[in-house]
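The values are calculated or read from the model by the stated rules, or taken from the named source; none is laboratory data. Note that the structure is predicted; figures quoted are calculated from it, not measured. Here the Cβ is made from the backbone with ideal geometry for all residues, glycine too, and neighbour counts use every protein chain on show.
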Amino acid sequence: MRRLLLCGTAALAIFGMSTMAIAADKIPVGHLACYTGPTSDVGIPYGNGVADAMNFINANGGVNGKQLEYETVDYSYKAPQAIATYKKWMSGLEPVAIQGWGTADTEALVKFIAKDEVPYFSASYSGHLTDPTGKSPKTKAPAPYNFFYGASYSDTCRGLVQWAADDWKAKGGKGAPKFIHMGANHPYPNAPKEACAEYAKELGFQVLQPIVYDLKPGDAKAQCLTLKDSGADYAYMGNTAGSNISLLNSCQTVGANPQFMANVWGWDENSIMAARESGDGVAVPLGSPSWKADAPGMKTIRAISKMSDPSGGKYRNLHYMRGACAVFFMKDAMEIADKKGAITGSNIKAAMETMTNHVPAGLEGVCKPSTWTGEDHRGTTEVSVYTTSFNGGDFKFNEQATVTVPRRPDWLGW
Amino acid sequence: MASAHSRMRCGEFRTTYQADMTIFPTPLARRTAVGSVLLLLAAPAVLDSYLLNLLIQIGYYGIAALGLNIVVGFTGQISLGHAAFFGFGAFASAWLNGTTGIPVFFTIPLAGAMTMAVGLIVGIPAGRIKGLYLAIATLASQYILEDFFARAEWFTGGSAGAMANPFTLFGYEFFTDQTYFYVVLFYVVVMYLGGANLMRTRDGRAFVAVRDHYLSAEIMGINLTKYRILSFGISSFYAGVGGALFGHYLGFVSAEGFTLLLSIQFIGMVIIGGLGSVMGAMMGTVFMVLLPEVMEFGVHLVGSNNTALTQALAYIKEMAIGLAIILFLIFEPDGLAHRWRMIKNYWKLYPFSY
């Protein structure tokens, strides 16, 4: 019996040591994905992009030879679920960085990750996440460990409004154009609501009472009738693609047709195909080229895509590329952190804040040059406005304008 | 072994009213209860955070489930709005603490009282309607409260949710799982003793009388309206305290967490555990909390590299809960508490079970 015990302890000790040895050159990363729930329409391609990119990094030498050990959890877009997952991770996986998703959960986690010093790369581009110090007067809470790839929702909406003002003039519109914000009563569509409305007023728009429509796709004729009665000229859609498809179809039915402008998650190839002619002319900000574009970095993206689709035949939509970009910015920061000493949360944050007009190697033309500083986490403020046309199934993205929204100090964190 | 047997009785012999009214049916049951609480006191030293997290979940859901069992199992009413009360407690405690600065130590029972007030109002229809109609009325209260949570920015922070400060006592923060566990354990013991005692009182017996035959109860002089509404009030108090514990544990309260689905899960807990049983509420909660974890463990065991399976995990968890409720309704409608009693009886009478 005693011998058995001894053997057991020895085996356990060896096992324990071997797992420790493996753990030493692995980088634990949390991946909070939305594969089910109201935003899964865009959560799946983005999550696939994140996972494929991490697998690609692991298959190609890792981060300075260290492998990313990531755990994917589908939290179904429920903020409390996300917090519970985070707490679970902090007592087990202990990630040094997290690839996250929605606005509600990311904003709820801001204080937690700041306390635990875990850099958080969200797919939420909420303007509330851009002020690391909390000095800006409109900031509710400082978000020192939050990063995201792309222009914030507020800046994107400002860019769209800027474009709309020019468009109104170009079309010879008379009087003040009417702007309306549409979206669910949820932190994500609400994030740019006030910031964008204020800028629209500044540009001479008449800002109408916002309209609420559900994040879950469903009939929205009542909202479209309100929209029609309001006489809006430019309507911003704050929800994700699936919900916007049903909105546009409903509005087509009741004959409400202002110039629709979508959030960066609000319009993609799937929605163009699903909404067909109802969606023609929707203005959309692109955070990356589309799958068939021939930007130099697309070669890397296609290699990344082969991680889960060896045939290489699968079409990846816009969100996939942005997911990959988010991972590669994180990877580059980890490499800098590693050279400086160790891959820890605070080192990754410091490394992120040294990036100036940075584009991850191999992704030129895919990821926009981004700059983060210790005072300003607005990676980019460039908004590329396109309109889309269904074109009988051979859909097209038509470039309209590239608006660089000014980095006003009082817009930080808002 | 022999000593244990001598303590176990082969039947329930109660010769005095006092003996008939004890909280614990047998001395062994009492010792087991005290012993398990003592054992649980040592849990944070032994268990890792993951297991403690599950125990904490069982704790706050268990308190709320007992509340639902008081209204459904003991008083024979139905409530489809329990999650909304649970949420109201969470928001109330976070709000009280956040705006007035009253320590969390006091806001948890205060949140319970506030929720009780809401429950008494929502319970008013119960004084007049029953059955399916009451179910729909409580369903309405679920939606009214949910909408209130999403819009009342002053109270809940609106759709963005509210931050809840950690539980503190004399400047010491109960932030980690290891420490918060004791807070939850304290409340579980207090609330369950309270629940068990409630059923020994005049009011508790009135609840049971209303459930068993409301006409006879009324003829015996029980005020039906009063007790039906009171039952909703007490049930909401439990939900409020459970919700407040949940809110301060998570540190963040959001309207999304308190949907109809959670109400159904509470119903599932009391059905699986056993309607009209204090211990059943706890058993059902343990079952409901552990079931998804067991599913997850199973999925990882079968194939952690199988992406299709891990992506389907969210569905598998939800389906398992549905399946469990159906199977219990068919095969064990009296719940786990009943099954436990049968097992005990089997061993008590072994080997002469006839």
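Does A:Glu269 fit the bill of being of a type in the set (Asp, Glu), buried (at least 17 other Cβ atoms within 10 Å of the Cβ) and touching a residue at least 40 places away in the same chain (Cβ under 8 Å)?
Numbers: of a type in the set (Asp, Glu): yes; buried (at least 17 other Cβ atoms within 10 Å of the Cβ): yes; touching a residue at least 40 places away in the same chain (Cβ under 8 Å): yes.
Against the criterion (of a type in the set (Asp, Glu), buried (at least 17 other Cβ atoms within 10 Å of the Cβ) and touching a residue at least 40 places away in the same chain (Cβ under 8 Å)), A:Glu269 qualifies.
Which residues, counting only those in segment A:63-86, are under 24 Å from B:Ser159 (Cα atoms) and either in contact with a helix residue (DSSP H, G or I) (Cβ under 7 Å, 6 or more places away or on another chain) or hydrophobic (A, V, I, L, M, F, W, C) (or both)?
If we filter segment A:63-86 for residues that are under 24 Å from B:Ser159 (Cα atoms), which is where we start, we get A:73-86.
Matches in segment A:63-86: A:Val73, A:Asp74, A:Tyr75, A:Ser76, A:Lys78, A:Ala79, A:Pro80, A:Ala82, A:Ile83, A:Ala84, A:Tyr86.
Only one of these conditions is not met by A:Ala141: (1) at pLDDT 95 or above; (2) within 14 Å of another protein chain (Cβ to nearest Cβ). Which number is it?
Looking at each condition in turn, A:Ala141 falls short on (1).
Quick check on my filter: what residues within segment A:163-175 are in contact with a helix residue (DSSP H, G or I) (Cβ under 9 Å, 6 or more places away or on another chain) and in a loop (DSSP other than H, G, I, E, B)?
The first filter runs over segment A:163-175 and keeps only residues in contact with a helix residue (DSSP H, G or I) (Cβ under 9 Å, 6 or more places away or on another chain), leaving A:164-165, A:173.
Result: A:Gly173, single match.
Considering segment B:159-192 alone, what residues qualify as being within 14 Å of another protein chain (Cβ to nearest Cβ), part of a helix (DSSP H, G or I) and under 23 Å from the mean Cα position of the chain (by Cα)?
B:Asp177, B:Gln178, B:Thr179, B:Tyr180, B:Phe181 - these are the residues of segment B:159-192 that are within 14 Å of another protein chain (Cβ to nearest Cβ), part of a helix (DSSP H, G or I) and under 23 Å from the mean Cα position of the chain (by Cα).
Just checking, how many residues over segment A:177-195 are assigned to a loop (DSSP other than H, G, I, E, B) and either within 14 Å of another protein chain (Cβ to nearest Cβ) or loosely packed, with under 15 Cβ neighbours inside 10 Å (or both)?
Keep residues of segment A:177-195 that are assigned to a loop (DSSP other than H, G, I, E, B), which gives A:177, A:183-186, A:191-192.
Applying the additional criterion that residues be either within 14 Å of another protein chain (Cβ to nearest Cβ) or loosely packed, with under 15 Cβ neighbours inside 10 Å (or both) yields A:183-186, A:191-192.
Residues in segment A:177-195 being assigned to a loop (DSSP other than H, G, I, E, B) and either within 14 Å of another protein chain (Cβ to nearest Cβ) or loosely packed, with under 15 Cβ neighbours inside 10 Å (or both): 6 in total.
Given the conditions (1) more than 18 Å from the chain's Cα centre (by Cα); (2) within 27 Å of A:Gly43 (Cα to Cα), report the number of the one that A:Ile343 does not fulfil.
A:Ile343 satisfies all of (1) more than 18 Å from the chain's Cα centre (by Cα); (2) within 27 Å of A:Gly43 (Cα to Cα) except (2).
Being farther than 18 Å from B:Val253 by Cα and touching a residue at least 60 places away in the same chain (Cβ under 8 Å) narrows it down to one of B:Val189, B:Val184, so name that one. Steps first, answer last, please.
Numbers: B:Val184 fails: farther than 18 Å from B:Val253 by Cα.
The unique qualifying residue is B:Val189.
Within segment A:62-80, track down each residue that is assigned to a strand (DSSP E or B) and at the interface with another protein chain (Cβ under 8 Å from one of its Cβ atoms).
Of all residues in segment A:62-80, those assigned to a strand (DSSP E or B) come to A:63, A:66-74.
Listed by number, the residues that qualify are A:Thr72, A:Asp74.
Could we say that B:Met269 is in contact with a helix residue (DSSP H, G or I) (Cβ under 6 Å, 6 or more places away or on another chain), within 14 Å of another protein chain (Cβ to nearest Cβ) and of a type outside the set (Val, Ile, Thr) here? Even if it seems obvious, please write down each step before you answer.
Values: in contact with a helix residue (DSSP H, G or I) (Cβ under 6 Å, 6 or more places away or on another chain): yes; within 14 Å of another protein chain (Cβ to nearest Cβ): no; of a type outside the set (Val, Ile, Thr): yes.
So B:Met269 does not fit the description; no.
Only one residue in A:Asp376, A:Asp410, A:Asp394 is in contact with a Leu (Cβ under 9 Å, 6 or more places away or on another chain) and not small (Gly, Ala, Ser), so which one is that? Quick ask: steps written out before the conclusion?
On the way: A:Asp410 fails: in contact with a Leu (Cβ under 9 Å, 6 or more places away or on another chain); A:Asp394 fails: in contact with a Leu (Cβ under 9 Å, 6 or more places away or on another chain).
After ruling out the rest, the residue left standing is A:Asp376.
Might you let me know whether segment A:109-118 holds any residue that is at pLDDT below 90, over 22 Å from B:Leu52 (Cα atoms) and not β-branched (Val, Ile, Thr)?
Scanning segment A:109-118, I find at least one residue that is at pLDDT below 90, over 22 Å from B:Leu52 (Cα atoms) and not β-branched (Val, Ile, Thr), so the answer is yes.
Within segment B:193-230, how many residues are in contact with a helix residue (DSSP H, G or I) (Cβ under 9 Å, 6 or more places away or on another chain), under 30 Å from B:Leu54 (Cα atoms) and in a helix (DSSP H, G or I)?
Summing the residues that are in contact with a helix residue (DSSP H, G or I) (Cβ under 9 Å, 6 or more places away or on another chain), under 30 Å from B:Leu54 (Cα atoms) and in a helix (DSSP H, G or I) in segment B:193-230 gives 5.
Can you tell which of A:Ile98, A:Ile83 is closer than 25 Å to A:Tyr153 by Cα, modelled with pLDDT under 90, aliphatic (A, V, I, L, M) and not in a loop (DSSP other than H, G, I, E, B)? Spell out the reasoning first.
Values: A:Ile98 fails: modelled with pLDDT under 90.
Selected residue: A:Ile83, the only one of A:Ile98, A:Ile83 that is closer than 25 Å to A:Tyr153 by Cα, modelled with pLDDT under 90, aliphatic (A, V, I, L, M) and not in a loop (DSSP other than H, G, I, E, B).
Here is a yes/no grid of residues against (1) of a type outside the set (A, V, I, L, M, F, W, C); (2) farther than 22 Å from A:Lys78 by Cα; (3) more than 22 Å from the chain's Cα centre (by Cα):
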| site | (1), (2), (3) |
| --- | --- |
| B:Leu262 | no, no, no |
| B:Ile267 | no, no, no |
| B:Met283 | no, yes, no |
| B:Leu291 | no, no, no |
| B:Gly298 | yes, yes, yes |
| B:Ile316 | no, no, yes |
| B:Leu336 | no, yes, no |
| B:Lys348 | yes, yes, yes |
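Kindly indicate whether A:Tyr86 is within 11 Å of chain B (Cβ to nearest Cβ) and under 26 Å from A:His128 (Cβ atoms). Give the derivation first.
Working: within 11 Å of chain B (Cβ to nearest Cβ): yes; under 26 Å from A:His128 (Cβ atoms): yes.
Yes; evaluated as a whole, the condition is true for this residue.
Being within 14 Å of chain B (Cβ to nearest Cβ) and more than 25 Å from A:Arg408 (Cα to Cα) is the filter here; which residues of segment A:112-135 pass it? Walk me through how you get there before you give the answer.
First, pick out the residues of segment A:112-135 that are within 14 Å of chain B (Cβ to nearest Cβ): A:112-116, A:124, A:126-129.
Those that are within 14 Å of chain B (Cβ to nearest Cβ) and more than 25 Å from A:Arg408 (Cα to Cα): A:Phe112, A:Ile113, A:Lys115, A:Asp116.
Report whether or not B:Ala320 is assigned to a helix (DSSP H, G or I), surrounded by 14 or more Cβ atoms within 10 Å (Cβ to Cβ) and either at pLDDT 85 or above or more than 14 Å from every other protein chain (Cβ to nearest Cβ) (or both). I'd like the intermediate steps shown before the answer.
On the way: assigned to a helix (DSSP H, G or I): yes; surrounded by 14 or more Cβ atoms within 10 Å (Cβ to Cβ): yes; either at pLDDT 85 or above or more than 14 Å from every other protein chain (Cβ to nearest Cβ) (or both): yes.
In short, yes.
Taking B:Val241, is it in contact with a helix residue (DSSP H, G or I) (Cβ under 7 Å, 6 or more places away or on another chain), modelled with pLDDT of 90 or more and assigned to a helix (DSSP H, G or I)? Before you say what the answer is, go through the steps one by one.
Working: in contact with a helix residue (DSSP H, G or I) (Cβ under 7 Å, 6 or more places away or on another chain): yes; modelled with pLDDT of 90 or more: yes; assigned to a helix (DSSP H, G or I): yes.
When the stated conditions are applied, B:Val241 passes them.
Just to confirm my filter: which helices (runs of 4 or more DSSP H) fall fully inside segment B:42-109 and include at least 3 residues that are within 14 Å of chain A (Cβ to nearest Cβ)? Walk me through how you get there before you give the answer.
Values: elements: B:43-46, B:49-69, B:82-100.
Output list reads B:49-69, B:82-100.
For every residue, the table says whether it meets (1) of a type outside the set (Asp, Glu); (2) surrounded by 13 or more Cβ atoms within 10 Å (Cβ to Cβ); (3) away from chain A (no Cβ under 14 Å); (4) under 30 Å from B:Ile108 (Cβ atoms).
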| residue | (1), (2), (3), (4) |
| --- | --- |
| B:Ser235 | yes, yes, yes, yes |
| B:Phe246 | yes, yes, no, yes |
| B:Tyr249 | yes, yes, no, yes |
| B:Gly280 | yes, yes, yes, yes |
| B:Asp334 | no, yes, yes, no |
| B:Ala337 | yes, yes, yes, yes |
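Which number in (1) within 16 Å of A:Ala283 (Cβ to Cβ); (2) in a helix (DSSP H, G or I) marks the one condition that A:Ala151 misses?
Here A:Ala151 meets the rest and fails (2).
Select from segment A:298-315 the residues that are of a type in the set (Ser, Thr, Tyr) and away from chain B (no Cβ under 14 Å) and write down the one among them that is surrounded by the fewest Cβ atoms within 10 Å (Cβ to Cβ). Walk me through it before giving the result.
Filtering segment A:298-315 for residues of a type in the set (Ser, Thr, Tyr) gives A:300, A:305, A:308, A:311, A:315.
In the following step, the residues that additionally are away from chain B (no Cβ under 14 Å) were identified as A:300, A:305, A:311, A:315.
Working: A:Thr300: 20, A:Ser305: 26, A:Ser311: 7, A:Tyr315: 13.
Result: A:Ser311.
Pairs please, first residue from segment A:32-61 and more than 10 Å from every other protein chain (Cβ to nearest Cβ) and of a type in the set (Phe, Trp, Tyr), second anywhere and assigned to a loop (DSSP other than H, G, I, E, B) and surrounded by fewer than 23 Cβ atoms within 10 Å (Cβ to Cβ), Cβ atoms under 9 Å, 6+ apart in sequence or on different chains.
That search, which allows pairs on different chains as well, returns A:Phe56/A:Lys306; A:Phe56/A:Met307.
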